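Beneath this line is the structure, given in C-alpha cells, with notes to follow.
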Amino acid sequence: MTGWVEKLDAAARSSGSLVCIGLDPDPRRMAVSDVAEFNRAIIDATSDLVCAYKPQLAFYEALGLDGLRALEKTISHIKNIAPDAVLIGDCKRGDIGSTASAYAKAMFDVWDFDTVTLHPYLGVESVEPFTERADRGAIIVCRTSNPGAAELQDLKLVGDGVEGTLYEHTARLASKWNTGGNVGIVVGATYPAELATLRGQHPDMPILIPGVGAQGGDVEAATRAGVNSDGRGVMISSSRGIIFASEEAGTYAGSARSAAETLRDEINEALEGQN
C-alpha cells in the first residue's frame, strides 16, 4: 500500500515541483463570491505546477455549512483534476483517546485527506490515531513561522537525557513516532538556520515549509536548507501569495498560475545552484 510520503515523492518527480498551494479562501479578497468556484479555478490553473494542495479548515469552518460544502467540492475537484498531488488537511488537531480517533476518522474517512497537520502537545496518544493507517499520516507542528513561536518552541531543555530546544525535541519525537514512515514535520521558511539544523538531524523526514510569499520567507534559503539528499522531501507552501496574486475576476486564475510558476522556478533555480 502506497502512503502519502511515497505519493509526495512521486508527485514532486512527475511535476518537477516542490510547490504546495494553500487553499485559504477569504471572501474579503476573493475575486468571485463562490468558494468552490474560486478554488476550482485556482486548481485548474495550477494542477501541473504543484506537488500538494493544503486547504486550511478554519477558513471553511468560518463560513458555516456553506463553507464545509465548498470544502467537499474542493476536495472532490482535486481528486479528479490532480489525483497525484498530496492533499493535506491543515487542521492542527491535538487531543487524545476517543476524541483523537474521531478527528482521524473525520480527516481520513469523511474528508479523504492524505495527511494532516497536528499539534503534539499531548504526546504520542494524540498522534497514534493518525499514524496507525499505513496509507495516511501526520505532519507534526515543530518550528513555526510566527515571531511568537519562540515563546515555547525555542525553550532550552536540560535534564532527563534531553538537550537542545523544544522544537528539536519535538522533531526527535516525530522521528520516534515515525515507525510506519508516514510522519513529517512543519518548519517555517522564516527560520532557515533552524530548518537546516532539523534537516541535518532528520535527513529523511518530509518537511512542510510554510512562510514564503506573504510571510516573507526566503525561497532560496528555505529550499537549500530543507531538501533531502535527493533534492526533494519538502512541500514549500504559499497561500495568499498565490491565490490572491490578483483579486480581479478576469485575471485571478491566470495570476495564480503565474505566481505558482514563479515559485516553482525559484525553488528549482535554488536546487540547481546547490548542485
Residues located in the range 61-78, provided they are over 30 Å from Gly16 (Cα atoms) and touching a residue at least 24 places away in the same chain (Cβ under 8 Å) | Leu63, Asp66, Gly67, Arg69
Could you say which residue among Val127, Val141 is modelled with pLDDT of 95 or more and touching a His at 6+ places or on another chain (Cβ under 7 Å)?
-> Val141
Filter pass, Lys54 being in contact with a Ser or Thr (Cβ under 7 Å, 6 or more places away or on another chain) and either surrounded by 15 or more Cβ atoms within 10 Å (Cβ to Cβ) or among the hydrophobic types (A, V, I, L, M, F, W, C) (or both) = yes
Residues located in the range 235-253, provided they are within 28 Å of Lys7 (Cβ to Cβ) and out of contact with any Ser or Thr (no Cβ under 7 Å at 6 or more places or on another chain) | Met235, Ser237, Ser238, Ser239, Arg240, Gly241, Ile242, Ile243, Phe244, Ala253
Among the residues of the range 115-130, write down those that are surrounded by fewer than 22 Cβ atoms within 10 Å (Cβ to Cβ) and within 24 Å of Tyr53 (Cβ to Cβ).
-> His119, Pro120
Among the listed residues Val219, Val186, which satisfies the condition of being crowded, with 17+ Cβ neighbours inside 10 Å and farther than 27 Å from Pro129 by Cα?
-> Val219
What number of residues within the range 13-24 satisfy the criterion of being more than 16 Å from the chain's Cα centre (by Cα) and buried (at least 19 other Cβ atoms within 10 Å of the Cβ)?
-> 1
Could you list, in sequence order, the residues of the range 122-147 that are within 20 Å of Tyr191 (Cβ to Cβ) and either of a type in the set (Asp, Glu) or in contact with a Gly (Cβ under 8 Å, 6 or more places away or on another chain) (or both)?
-> Ile139, Ile140, Arg143, Thr144, Ser145, Asn146
Inside the range 228-275, the number of residues satisfying the requirement of being part of a loop (DSSP other than H, G, I, E, B) and either over 19 Å from the mean Cα position of the chain (by Cα) or within 21 Å of Ile185 (Cα to Cα) (or both) is 15
Breaking point among (1) touching a Pro at 6+ places or on another chain (Cβ under 8 Å); (2) part of a loop (DSSP other than H, G, I, E, B); (3) not charged (D, E, K, R), for Ala222 = (2)
Screening Ser255, Ser239 for residues that are closer than 20 Å to Ala149 by Cβ, out of contact with any helix residue (DSSP H, G or I) (no Cβ under 6 Å at 6 or more places or on another chain) and polar (S, T, N, Q) leaves only Ser239
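The values are calculated or read from the model by the stated rules, or taken from the named source; none is laboratory data. Just so it is clear, the structure is predicted and the values come from calculations on it, not from any experiment. Every residue, glycine among them, receives a Cβ derived from its backbone with ideal geometry; neighbour counts consider all protein chains shown.
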